[in-house]
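The values are calculated or read from the model by the stated rules, or taken from the named source; none is laboratory data. This one's a predicted model, so the numbers in the text were calculated from it and none came from an experiment. All Cβ positions, glycine included, derive from the backbone under ideal geometry; neighbour counts span all protein chains shown.
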Amino acid sequence: MLSLLGWINGITVSIKVIFDVIAGSIFLYKFKKDKVRLLVYFAFSYLSVSVIFLPYFIDFVNILLTDLNLNLESYNILSLARTMIAEPVLISFIYVGITLLLKEKRRYMLWIYLILLTIYEVSFIFNYASVTAFDIPSIPGENLIFIQIVFNTPQFIILAITFGTILIFNGFGFFYKSIQSEGVIKKKFMMLSLAFLMFFGAGIFETLFEPGFYLLFTRTIFESTAFFVYFAIMPKRVKKFKKKSYELEKELISFMKRESKEDMIAQPPNYDIRSEKDNLVIFISYSTKDAEKYKINLVSEKLLEYKEIKEVLYWQEHMKDNIIKYMNDNLGRCNAMLLFCSKNALNSVPVEKEWTAAEALNKPIIPIFEDSRHIPPLLSSRLGLEYEIRNIEKFIKELYDLIVKKSVAII
């Protein structure tokens with residue numbers, strides 16, 4: 001019969017498995033809908049973590065049905081499956097960290113940890129009996145069987161190194177990045193930092209200590225991380241004010257109150273009285289190395305042919321002082337930013353400062369790219385446009401339409 005601790009252990013692990021499946025499925029659905037690539041890795045990670053905790057869940061169900069723990073032979077099979085899934089989960093977390101912090105060294109880092117974790121898995125399987133310890137309850141069915149990797153083994157050391165790396169990059173690295181950033185980007189990196197610190201902090205605690213009443217606390221922390229990840233990765237939704245809907249509402253109010261149109265307030269609160277298509281100011285962010293490749297001068301000239309576009313700002317043409325002053329003078333008054341994405345732009349500090357400042361100011365950002373992998377991960381959900389130099393007129397027309405669509409003037 002289950003003890004109080006056994007019930008706490010079983011119920012919390014059941015909630016965790018079910019919650020992880022739901023969270024992973026939601027992340028996968030949101031990826032298909034919003035095309036935020038990082039959500040794929042988090043979806044896979046949460047679904048896989050549910051498999052890691054599956055042996056405990058099945059043991060709990062077996063106790064409920066038979067009052068006995070699962071037999072060790074079945075537990076060994078589940079434990080091996082648990083180990084096999086650990087490598088791709090950890091690789092996914094490492095990928096997220098180095099993608100956001102060390103983009104240029106991503107490939108090398110991934111190969112290092114892929115080799116290291118492959119060694120871990122192969123050696124673990126062939127030395128399974130000597131590196132795995134089972135804590136079996138003295139009274140069958142009183143609590144769940146606890147699986148633990150033996151300390152001071154090479155496998156434990158590899159796992160500790162990997163956990164440490166993820167904490168450094170994804171936990172403290174994102175925290176440091178948040179300190180360097182401002183506005184929305186600061187909050188996003190802070191939430192990602194907290195998610196990883198909480199997730200792996202709770203995981204390390206459960207690995208080092210035998211199950212106790214602390215499970216209520218650690219597993220609550222586990223589940224809360226999904227919310228931090230979701231709000232960090234998903235773009236901020238800004239509800240656009242629609243002029244037509246306001247006019248309809250105005251007419252209804254006029255009818256209900258029997259007021260004349262002349263007595264109505266001409267404009268809604270917080271709505272800019274200028275037309276949303278008039279006097280648009282566009283800010284172009286790009287790497288200087290790509291100026292010729294993307295024909296920045298030509299793009300600017302073509303956009304200015306549209307009467308609705310008043311100015312197209314790009315630093316080679318308009319900067320008279322330093323980059324910080326240029327951004328300070330112009331980002332605030334622009335209606336949209338065109339971000340020309342490339343490998344050079346990803347490695348450009350000024351470009352990163354420009355788009356993070358625009359994000360903090362809640363300016364519409366339109367990624368323009370040849371390879372979608374060059375779009376900054378935190379902007380990958382934004383509606384963008386593939387660069388098409390072979391048909392520049394068509395590209396400019398599509399770009400103009402997108403600018404107008406995104407540049408609703410709201411105070």
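In this structure, is SER287 in contact with a Ser or Thr (Cβ under 7 Å, 6 or more places away or on another chain) and at pLDDT 65 or above? Walk me through how you get there before you give the answer.
Details: in contact with a Ser or Thr (Cβ under 7 Å, 6 or more places away or on another chain): yes; at pLDDT 65 or above: yes.
The answer is yes for SER287.
Being polar (S, T, N, Q) and modelled with pLDDT of 85 or more holds for only one residue in SER260, SER224, and it is SER224.
Before we move on, is ILE63 surrounded by fewer than 18 Cβ atoms within 10 Å (Cβ to Cβ) and modelled with pLDDT of 90 or more? Answer is no for this residue.
Against the test of being within 30 Å of ASN347 (Cβ to Cβ), surrounded by 18 or more Cβ atoms within 10 Å (Cβ to Cβ) and not basic (Lys, Arg), the options TYR108, TYR120, TYR113 yield a single qualifying residue, TYR113. Looking at GLU308, GLU359, can you tell me which residue is acidic (Asp, Glu), closer than 24 Å to SER178 by Cα, modelled with pLDDT under 90 and touching a Leu at 6+ places or on another chain (Cβ under 8 Å)? Of GLU308, GLU359, the one residue that is acidic (Asp, Glu), closer than 24 Å to SER178 by Cα, modelled with pLDDT under 90 and touching a Leu at 6+ places or on another chain (Cβ under 8 Å) is GLU359. Checked against the criterion of being among the charged types (D, E, K, R) and farther than 21 Å from ASN76 by Cα, segment 173-180 contains one or more residues that satisfy it. Being of a type in the set (Phe, Trp, Tyr) and at pLDDT below 85 is the filter; apply it to segment 201-221 and report the residue that is farthest from LEU38 (Cα to Cα). Selected residue: PHE209. Scan segment 6-27 for residues that are at pLDDT below 90 and closer than 16 Å to GLY141 by Cα and the total you get is 0.
Scanning segment 28-40 for residues that are surrounded by fewer than 19 Cβ atoms within 10 Å (Cβ to Cβ) and either under 22 Å from GLY141 (Cβ atoms) or without any contact (Cβ under 8 Å) to a residue 60 or more places away in the chain (or both) yields a total of 5. Being under 17 Å from GLU292 (Cα atoms) and either outside any helix (DSSP H, G or I) or of a type in the set (A, V, I, L, M, F, W, C) (or both) is a property that holds for ILE396.
The set of residues in segment 75-131 that are touching a Pro at 6+ places or on another chain (Cβ under 7 Å) and closer than 30 Å to PRO376 by Cβ comprises THR99, LEU100.
Quick one: in segment 193-218, which of the residues that are without any contact (Cβ under 8 Å) to a residue 60 or more places away in the chain and either among the aliphatic types (A, V, I, L, M) or touching a His at 6+ places or on another chain (Cβ under 7 Å) (or both) is farthest from ASN143 (Cα to Cα)? Looking at residues that are without any contact (Cβ under 8 Å) to a residue 60 or more places away in the chain and either among the aliphatic types (A, V, I, L, M) or touching a His at 6+ places or on another chain (Cβ under 7 Å) (or both), I get LEU194.
Is there a residue in segment 41-64 that is touching a Pro at 6+ places or on another chain (Cβ under 7 Å), touching a residue at least 12 places away in the same chain (Cβ under 8 Å) and over 24 Å from ALA226 (Cβ atoms)? The answer is no; no qualifying residue exists. For segment 371-393, filtered to residues that are crowded, with 16+ Cβ neighbours inside 10 Å and assigned to a loop (DSSP other than H, G, I, E, B), the residue that is modelled with the lowest pLDDT is SER381. Of all the listed residues (LEU338, LEU331), the sole one being farther than 18 Å from GLU182 by Cβ, surrounded by 17 or more Cβ atoms within 10 Å (Cβ to Cβ) and not hydroxyl-bearing (Ser, Thr, Tyr) is LEU338.
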